[in-house]
Amino acid sequence: MGASDPEVAPWARGGAAGMAGAGAGAGARGGAAAGVEARARDPPPAHRAHPRHPRPAAQPSARRMDGASGGLGSGDNAPTTEALFVALGAGVTALSHPLLYVKLLIQVGHEPMPPTIGTNVLGRKVLYLPSFFTYAKYIVQVDGKIGLFRGLSPRLMSNALSTVTRGSMKKVFPPDEIEHVANKDDMKTSLKKVVKETSYEMMMQCVSRMLAHPLHVISMRCMVQFVGREAKYSGVLSSIGKIFKEEGLLGFFVGLIPHLLGDVVFLWGCNLLAHFINAYLVDDSFSQALAIRSYTKFVMGIAVSMLTYPFLLVGDLMAVNNCGLQAGLPPYSPVFKSWIHCWKYLSVQGQLFRGSSLLFRRVSSGSCFALE
């Protein structure tokens, strides 16, 4: 995906909460309308009131029910809701960590196993590099099963900090109540609303990314130590001290700019493409128009994430470049002067999408491997 790691993508964050909020808001508006109608009539006689069916209590406003003013973690159960999101995110992060670990080792160019000869769809012989499962099995042979979770602790802390930051920002800067788009004509005139929502999401994503990036850098460096079998970064606190002593405050934010650019391009590309497709390509006369529109942003997220992958790759490489680890020094990687230098180098080598595929990995034409 287009996010820095297999975190939940920006376009997917808050999706369930948004749907729930829309439903609650509609219910509240209906309840408010019913209350007005009931007050307009005369109250029923006392002898007709049934003891088992008391008069329903007045329902709160739509803004109070759907939590638009508070977002994630608003209301009386705010700590419980926020803790639930953090716990759910931690579970997803832990399960996906081996995938990210293998992907990062491939990104830095570590290929400890030789390629194997296979055939493509045309019957020609080609060289295939080890897939994710083969690579993961190799890591288990070297470090044991626990080795697949190297660098997990700072990554869990990074994701938890990101979740809490987004929830806090929704409380401080509540989003406007989202109006339901009912038909195609409304979709065509809702570009201003899409721009406003995307700008709000971009602000939250950039702030949470900046605050969590130092922990992301520590996690990346802990993982790439597998290449040179180093033990320089062993814990979060000790890693913070080493980075600050050797690189200063800026050392915690290496690789931040390409990650931010990738997030911004991803959000705007995904949301605008989904809006224009829903507004101009999906015809209301089609019976499955609503179902198609509900999945458009998901599909666009997958497509745009492929296009923004180079930003993720460059950001991760800069996080480990020239940090004293073998994976960030020649011959694995030259010492890059900036992330633009890294981008140009990968572009010349034809490696801007290195590590994007973990199942069918063919040896590129510029590789040192050759057929026997």
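The values are calculated or read from the model by the stated rules, or taken from the named source; none is laboratory data. What you see is a predicted model, and the numbers here were worked out from it, not measured in a lab. As a convention, Cβ positions derive from the backbone with ideal geometry for all residues, glycine included, and neighbour counts pool all protein chains shown. For the accessible areas, the whole protein counts, side chains as well, though only heavy atoms, and no ligand, DNA or RNA atoms are used. Shrake-Rupley method; radii C 1.70, N 1.55, O 1.52, S 1.80 Å.
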- Task: Kindly indicate the residue of the range 138-161 that is in contact (Cβ under 8 Å) with a residue 40 or more places away in the chain, assigned to a helix (DSSP H, G or I) and charged (D, E, K, R) and also surrounded by the fewest Cβ atoms within 10 Å (Cβ to Cβ) among those meeting that condition.
- Result: 143
- Give the range 263-288 a look and list any residue that's closer than 30 Å to residue 212 by Cβ and of a type in the set (A, V, I, L, M), or say none. 264, 265, 267, 272, 273, 274
- Task: Please work out which one of (1) farther than 30 Å from residue 194 by Cα; (2) open to solvent by 20 Å² or more (accessible area, probe 1.4 Å) is the condition residue 327 fails and give its number.
- Result: (2)
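Return the residue satisfying two criteria in turn: it lies in the range 122-156 and is of a type in the set (Gly, Ala, Ser) and within 14 Å of residue 99 (Cβ to Cβ), and of such residues it is modelled with the lowest pLDDT.
Narrowing the range 122-156 to residues of a type in the set (Gly, Ala, Ser): 123, 131, 136, 144, 147, 151, 153.
Next, only the ones that are within 14 Å of residue 99 (Cβ to Cβ) stay: 131, 136, 151.
On the way: 131: 91, 136: 96, 151: 95.
So the residue we want is 131.
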- Which residue pairs have Cβ atoms under 6 Å apart, sit 6 or more places apart or on different chains, and have a first residue in the range 258-282 that is at pLDDT below 95 and a second that is among the basic types (Lys, Arg) and part of a helix (DSSP H, G or I)? 274/297; 278/293; 279/188; 282/293
- Message: Please verify whether residue 311 is buried (at least 18 other Cβ atoms within 10 Å of the Cβ), at negative phi and within 19 Å of the chain's Cα centre (by Cα), treating the condition exactly as stated.
- Response: yes
- Go through (1) touching a residue at least 40 places away in the same chain (Cβ under 8 Å); (2) farther than 19 Å from residue 224 by Cα; (3) small (Gly, Ala, Ser) one by one and return the number of the condition residue 319 breaks. (2)
- Task: May I ask you to list the residues in the range 230-287 that are among the charged types (D, E, K, R) and more than 24 Å from residue 308 (Cβ to Cβ)?
- Result: 230, 232, 242, 245, 246, 247, 283, 284
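Which is modelled with pLDDT of 95 or more and polar (S, T, N, Q), of 208, 234?
Going through 208, 234 in turn, just one is modelled with pLDDT of 95 or more and polar (S, T, N, Q): 208.
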- Top-ranked residue in the range 79-115 [being surrounded by 13 or more Cβ atoms within 10 Å (Cβ to Cβ) and outside any helix (DSSP H, G or I); ranked as farthest from the chain's Cα centre (by Cα)]: 115
- Item | the range 334-372, subset over 25 Å from residue 263 (Cα atoms) and of a type in the set (Ser, Thr, Tyr), residue modelled with the highest pLDDT | 364
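Would you tally the residues in the range 331-350 being of a type outside the set (D, E, K, R), part of a loop (DSSP other than H, G, I, E, B) and surrounded by fewer than 16 Cβ atoms within 10 Å (Cβ to Cβ)?
Of all residues in the range 331-350, those of a type outside the set (D, E, K, R) come to 331-336, 338-343, 345-350.
Checking the rest, the ones that are also part of a loop (DSSP other than H, G, I, E, B) come to 331-336, 338, 350.
Still in the list and also surrounded by fewer than 16 Cβ atoms within 10 Å (Cβ to Cβ): 331, 334-335, 338, 350.
Qualifying residue count, the range 331-350: 5.
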